[in-house]
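**Q** Let me give you the structure first, and then I'll get to my questions.
Any read-out appearing in this document is the output of simple, stated calculations on the displayed coordinates, not a laboratory observation. Keep in mind it's a predicted model, so treat the numbers as computed, not measured. In this analysis, Cβ positions are derived from the backbone assuming ideal geometry, glycine residues included, and neighbour counts consider all displayed protein chains.
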Amino acid sequence: MASIINSISFKNFFNYYGDYDTTRYEFEEGVNIVVADNGAGKSKFFNAFLWLFYDQILDSDDKKKKNVKDIAVKIISDKAKNETPIGDQVQSGIKIEYSTGRYKYQITKSLTATRLSEKVMDFESWQIIIDDIEVDKTDHVLPKYKPIYDADEKQKVINQLILPTLRQYSFFQGEEVDKMIDFNKKSSIEDAVRTLTNISKYEDIANIVKDIAIKAEKDLNKQTNATSEHNERLNKAIDVKKQLEIKLIHEEEKLTEFNTLYETAEYEKNELEQNFANAEKRKELDDKIFEKNNVLKQVKDNYDSFLDSINNRFFDGNFSWIALGFENSINEFKNNIKVFRQQRYEKRALQNVSENPNDYFTMLPVNSPDAVTLDQMIEDQICYVCNRDAKEGSEAYNYLLKLKNRPNIKSSKVDFVKNDLEDFFGDLQLKAAPFINKFDSISQSVLRTREKEQELKQRLDKLSSELRALKSQRKDILIAGTESEGVDNALTIINQYKGAIRRMEQASSRIERLQDTVKKLKADIYNTEKEISNLRPKNIPEGYTVNYEISKDLVDATQLAKERVFDKMVSLLEDHSNIHFQNLIKYNDIKGGVLRFQKTPSGGISLDYIDDLGNEVSGASEGFQRMKKFAVVMSIISANTSQYNYPLLADAPLSAFGKAFNKGFFEAIPDVFPQSIILVKDLYDKDSEDKLTDLGQQLIKNNVIKTFYINEVDEESPQIERTTKIERRK
């Protein structure tokens, strides 16, 4: 019966704060999904099984696996550590329940830490004790757990969950798919075939038979030398065979050397093809990025210059933005300046009169004529006061003129205030005139400027988005471990790719010649052996000859049997791989084509995708390459004649896949694994109301999916307070 994980619980394990009953996942047979953003417990979940199987934890700081005791302080929840008083203890652990048919098992691994000082994050502040592993067993008839005490029995229960020989296919993180099988190495394929078949028995038989054949030949030669009837021709033939065998060993060593050269070149070629996918595409993207960067720089310069010019519009008379909001102030100013000038005039006049009244007034005797009468008297040339003539030019006439014009005779300007602001207000009116005339157009000017700013900003954002998209595409086809930028790097990779192919061709040509040489040497040895057989004395006991002939035939037979088993299993793997691959890509736009396993000159297997016309398709994306390998991994499991009885535990297996691949993946894995627990970020969308992508929303409704969890953390909380919240959606 299959091993099915029923639940996993955590106690103060990284961000999983709290006891086992508050941080618990329950799973079912079939597909189970845990969706989590970075830092929300996805990799920590995976770490629980690393601890279970290997007593190791993957340190997220340096991406290295470390012994649990060496990283124990990091394992304990920061919140739990912070809440533990000095001198008290805190426990951290994992608890896994799984069942196999009638029986159910519970495994608990934990550690206890005693706080020694204030510095909660320091390793020296804690004393760590790794607790004894607890393994309990029950059955479904009488569900009561009973402890298992024997250490070997405990380990057997752990191994029974996923056999150690199968964990590489059933327990992995996304990028490890690429390393499961190295198709360039014959040993890698043989390891997979050995996992599925009894080919190792054929290898053991072949080695035994080979040893028997060597001993049989030695015995036969010893009997030949002991017989007086052997002759010089026989000795010569035996020497020739020895020389041929020495030469054969030498040529086979050279063949091994060139096989290695071929494997190295093929590995480099495949690495370039897998991780870079298409160097020419990258060069094309580099050119587009370069051009887009230039346009973006120009638009950004224009945008920055435009922003700088906005400040000038406040004081520039052509825009006069500073006057915005002062429309009512103009009328107030006009009224105030009118009052000011009236009061100024009055104050000046009173000041002048008070200081020099005689300069402004003529005092006449009582009953003296007013100004109108004076004008009449001057016109009539008669003084009506004394009734005498006042002829023009006479003294009396001039006196009358003097009386009339006396106030205008003297005009002197006298400062009547300490600070006269008349000129200041006049200049202010003059300089404000350009701004006053712009009142009606300022609002429209600001609006047009804002529209212009938004237009430039939108163009800038669009160009930035397009540039990010290009860089994202470029990143998808960037060779692993290469960070250098520019076209030169892309050209280097292209040249390396072509160079690897050229070395493969050269090694392949040399391998073919060496194989012909080896084949000819083996034929010569076979013919020489026949000659030796004919020249051997007839009086040698028949048993020695028969033993030698039978053992030699057995060597050939076991080698052929082993090769037939290997070829048959490779053919079976190819058939199953294509079934799974078609299921994985059924939502993609890839039409036709098959996966094909082909022997390489070095004895390895190349995994190629052949289109409907028989052409090899190369340069596909990293996700496509990984999907091919995952199809093979599934085939290794499904090609086994017996049912696969172990769950799939995968962290981020979809990291390089597209949406269509992801959908096909979730629907295809139940065909192989009785249970799968997939930890994935790609279905999480923090901006969505339900925190799921469109595909996530589709999958949660799919009957194939049995349980669906979402992990979240409060990113606003301090790191020491952050905890993982588990929400079961299905």
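**Q** Which of the lysines could a cross-linker span from LYS66 if the Cα-Cα distance has to be under 19 Å and same-chain partners fewer than 8 positions apart are dropped?
**A** LYS42, LYS44, LYS74, LYS109
**Q** Please sort 377-384, 25-32, 151-158, 629-636 by packing, taking for each peptide the average over its residues of neighbouring beta carbons within 10 angstrom, highest first.
**A** With the highest mean Cβ count within 10 Å placed first, the list reads 629-636, 25-32, 377-384, 151-158.
**Q** Can I ask one more? I want to check the label-to-label distance for LYS215 and ILE310. Put each point 7 Å from Cα in the C-beta direction and report it in nm to one decimal.
**A** 9.5
**Q** ARG448: net charge of surrounding residues, Cβ under 13 Å, Lys/Arg +1, Asp/Glu -1, itself excluded? It would help to have the intermediate numbers written out before the result.
**A** Values: positive: ARG313, ARG450, LYS452; negative: GLU451, GLU453, GLU455.
Result for the neighbourhood of ARG448: 0.
**Q** Kindly identify the range 82-179 as rounded, prolate or oblate by the Cα gyration tensor criterion: order the square roots of the eigenvalues as a ≥ b ≥ c, call it rounded if a/c is under 1.5, otherwise compare a/b with b/c, prolate if a/b is larger, else oblate.
**A** Because a/c hits 1.5 or more and a/b fails to exceed b/c, the range 82-179 counts as oblate.
**Q** Ranking LEU560, LEU683 by Cβ neighbours within 10 Å, fewest first, what do you get? All intermediate terms of the calculation are to be shown ahead of the outcome.
**A** Details: LEU560 12, LEU683 26.
Lowest count first: LEU560, LEU683.
**Q** Please work out the C-alpha center-to-center distance from the range 89-166 to the range 647-723 and express it in whole Å.
**A** 27
**Q** Students often get this wrong, so check it: of LYS11/LYS104; LYS663/LYS706; LYS11/LYS156; LYS586/LYS659; LYS522/LYS568, which have C-alpha atoms separated by over 19 Å?
**A** The answer is LYS11/LYS104; LYS11/LYS156; LYS522/LYS568.
**Q** As an exercise, use a Förster radius of 45 Å and the Cβ-Cβ distance of LEU467 and ASP524 to find the FRET efficiency, rounded to the nearest 0.05. List each step's numbers first, then the result.
**A** Values: r = 67 Å, r/R0 = 1.50.
Given R0 = 45 Å and the Cβ-Cβ separation, E is 0.10.
**Q** Which links in LYS63/LYS725; LYS498/LYS562; LYS681/LYS701 stretch past 29 Å when you go from one Cα to the other?
**A** The pairs that break the limit, which is 29 Å between Cα atoms, are LYS498/LYS562.
**Q** Under the 0.36 nm per residue contour assumption, what length would be gained going from the current alpha-carbon distance of SER200 and ASN387 to full extension?
**A** Extra length available between SER200 and ASN387 comes to 51.0 nm.
**Q** Arrange ILE214, ILE75 by Cβ neighbour counts within 10 Å, fewest through most, would you?
**A** Exposure proxy ranking, most exposed first: ILE214, ILE75.
**Q** If neighbour count is taken as other Cβ atoms inside 10 Å, put ASP556, ASP62 in order from fewest to most. Present the calculation step by step, with values, prior to reporting the outcome.
**A** Values: ASP556 12, ASP62 7.
Final ranking by Cβ density, sparse to dense: ASP62, ASP556.
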